[in-house]
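Beneath this line is the structure, given in structure tokens, with notes to follow.
The values are calculated or read from the model by the stated rules, or taken from the named source; none is laboratory data. Since this is a predicted model, take the numbers as computed values, not measurements. Cβ coordinates were reconstructed from backbone atoms using ideal geometry, including for glycine residues, and neighbour counts include every protein chain displayed. When the accessible area is computed, the model is the full protein with side chains, heavy atoms only, and any ligands, DNA or RNA have been set aside. Shrake-Rupley method; radii C 1.70, N 1.55, O 1.52, S 1.80 Å.
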Amino acid sequence: MAKYHFYNNLTNENELIQTKVRYLADYFDFLANNLGAFQFPSFENHKSLFNKINFQLINYTEHSSSYIQHYLKHQLFSKNDYLLKKHYQRIFIVIDELRSKAYVEAEKRQELINNILLSISNLDKTMFKKVAEEIVIVVQCEKDLHQHNHKEILEYCALIMITEFAYENFPIDFLKRVFEKVLTNNVVLKKDEVVTDAPLPEVLVFERDNLKDEPEKYYELVQSYLENRNLQQQLEGLYHLFKHAKKTFRFLFKLNNVGSKEAIKIAYKGTLITSTAKFYLQKNPNNKEYLEFFSTKHQLYLETEVIAANEKSAKFSALRKANDSLLYINDYFEKNAVINDRDYIICQNKKCTRIRPSLTGLFKDSVAKFNKSHDTKNLGKIDTIPANLVNHRDIIYLLANSDSYPDQKLNHYWRYLEGFFNSGADVIERLPIILSNLSLNYTTWSYCALLHENLYKMYQEGIRGEDLGWTEQDFFKNLNANFFTKELLKTYNQHIKHPYLNRTINKYLKTKISSHHNNLINYYRGILKEAYEQRNFIQHSGVYHSNAVFKVLLQLPNMVFDFRRLMIKQAIKGEVELEGILLKLTVQPKKLQKAIKKQTTVEQY
């Protein structure tokens, strides 16, 4: 029987190294698939926290100090922080000045902004590389996974890295394959182009351009590097992957409601409105569908270029940039031009492709289900203040779900919530209690899901009941479980040996239910505090911190969904007073009250 049941079965002839790399890869995957989830650490690193603090200092208001002190409480800014103690001692001086609230004075505030910008610049240049070096040190150490704080250091490093990847909009599918990419030796020469998933060091990245007319020679260089690199060079690939994975995308959009019979060009803030598109016409001269894009007479196009980690985030950035420019252009020329974002040209690596919309189907079964009992079907028959409020505010909820701009999405969600409470502060105070009463068992479900996914992968690899200490009947019963319970979690945790999940789940099960409840309240309150921070900037200043909004939106939609569901349920019951509903929802369930009184653990609850 295997000592551990890892999800990632990366191999190395040295068993100590293999175990550590598998542990790191698994934890990295857990974080990537559960960004912002309660059971995992809040994904931040020193650079992201400094960026948020600096945003507050630059856009300083009477409320800024509260948010700055909130970020300073993060454990990454503690005196015992591993990376700061070892590599960035001078940053503690900046942290101490912030804690002393020296920023209250305008002159000192500007000095702090400058010092933080220097710290951010230093971290941007060196942090990821130093973290990769720390991973190499742990993996190459002759002591095993359970010694020298190896598990804790690997988890710490993974969190810092995943934060960098996530805040740079690397997609989840990319993050899931990070270690597969880092450790692969595969490279092919395809149509005079060297193709490999492996991240290459800077010298080879630059050599690609020098040898663009000699692809065979470049192929030999890459192949030789991949075949001869050592473990340290492989793991340093984490840094190369982050540094060189971004690409340049060029977009060409059609403009509706405007045209020109003359050849024109209007350049504004990184965008170009033009009546000619010779560059694009030359790319696919034999593709009729592609060429049809340019067939409209007097058509105007908007062209822009962005750097991004993937096509999805590139399109969003390009549209944001294009729409911002078009607002100004429309105002100046008194036009009403609109970007057609459903049919456009995208170019990357000299290859241009036309992207067109495709029809998606509706089916009788889903339509029948909707007509029979959609969320608010029965509310229209009830004439009470709560029922009417839920009905009237639902349009805001639906706007939030459909808006493609994250700042406006967050703003709509907050407007929806605030309509049920006395103020933004009241949302932050009371909603976490309501949600924590509802979600006490969510963590059990989440851990079950992680272990079940691991079990299913083991099944695909040929592992059966006897390998895990189960009868075949029990093995398939647990493999095909369609409802996750605490008993099933305990069974999984006993038979599936995983050094991170076993340790974390054992700790969770032994936690007092009162502590678990309070931890949930603090978790939800932290999200809402940061949501309110960004909502105020959006509403009152027209600015927002994109990474902060991204982090909030990982969980806020789920929180609003749960609250809306509760409000609909209470309104259908015929409750006539809104405040009565809120009071009812904030009271701890009797079962929870008894468990807290008896100091019951999660396992006993």
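The table for this structure:
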read-out: FRET E, pair LYS590, ARG464, Förster distance 45 Å, beta-carbon r, rounded to 0.05; value: 0.55
read-out: Mean separation of Cα contacts under 8 Å (6+ apart) over length of the chain, as relative contact order %; value: 14
read-out: Enclosed volume per residue, in Å³, of the convex hull spanned by Cα atoms of segment 382-604; value: 159
read-out: 5 angstrom amide H check on THR511, placed H, neighbours 5+ away; value: VAL602, GLU603
read-out: Separation of alpha-carbon centers, segment 327-350 and segment 6-35, rounded to whole Å; value: 45
read-out: Directionally averaged shadow of segment 15-174, computed from the convex hull of its alpha-carbon atoms, nm²; value: 10.0
read-out: Whole-Å semi-axes of the ellipsoid equivalent to the chain (Cα gyration tensor, √5λ, descending); value: 40, 37, 28
read-out: Using θ = phi - 60° and Karplus 6.51 cos²θ - 1.76 cosθ + 1.60, couplings along segment 561-566 (whole Hz; Gly, Pro as x); value: 4, 5, 5, 4, 4, 5
read-out: Cross-link table LYS321/LYS364; LYS529/LYS598; LYS265/LYS321; LYS190/LYS283, entries beyond 29 Å C-alpha to C-alpha; value: LYS321/LYS364; LYS529/LYS598
read-out: Scaled radius of gyration (Cα, divided by 2.2 N^0.38 Å) that segment 295-398 gives; value: 1.66
read-out: Contour minus Cα-Cα distance for SER275 and SER515 (0.36 nm per residue); value: 80.0 nm
read-out: Pairwise FRET efficiency - ASN186 versus ASP474, Cβ, R0 = 35 Å, nearest 0.05; value: 0.30
read-out: Convex hull volume per residue in cubic angstrom - Cα atoms of segment 92-181; value: 135
read-out: Whole-Å distance, taken between Cα centres, linking segment 124-145 and segment 518-575; value: 36
read-out: Alpha-carbon Debye profile of segment 170-264, log10 I(q)/I(0) at 0.15, 0.23 Å⁻¹; value: -0.65, -1.29
read-out: Backbone HN-Hα couplings from phi across segment 333-343 [Karplus 6.51/-1.76/1.60, Hz, Gly and Pro as x]; value: 8, 6, 10, 10, 5, 10, 7, 8, 9, 9, 9
read-out: Fully extended contour minus Cα-Cα distance, from LYS569 to LEU16, at 0.36 nm per residue; value: 193.7 nm
read-out: Separation of the GLN408 and PHE333 label points, Cα + 7 Å toward Cβ, nm; value: 2.2
read-out: Net length gained if the chain between SER66 and ASN256 were fully extended (0.36 nm per residue, minus Cα distance); value: 63.8 nm
read-out: Fraction of alpha-carbon pairs over 25 Å apart in segment 235-376 - percent; value: 42
read-out: 23 Å Cα-Cα threshold exceeded, pairs from LYS176/LYS409; LYS52/LYS108; LYS486/LYS512; LYS457/LYS490; value: LYS176/LYS409
read-out: Whole-percent carbon and sulfur share, accessible surface of segment 425-507, 1.4 Å; value: 52
read-out: Phi to ³J(HN,Hα) by Karplus 6.51 cos²θ - 1.76 cosθ + 1.60 over segment 512-518, Hz, x for Gly, Pro; value: 4, 4, 5, 5, 4, 4, 5
read-out: Segment 403-495: C-alpha gyration tensor shape, a/c 1.5 cut-off, then a/b vs b/c; value: prolate
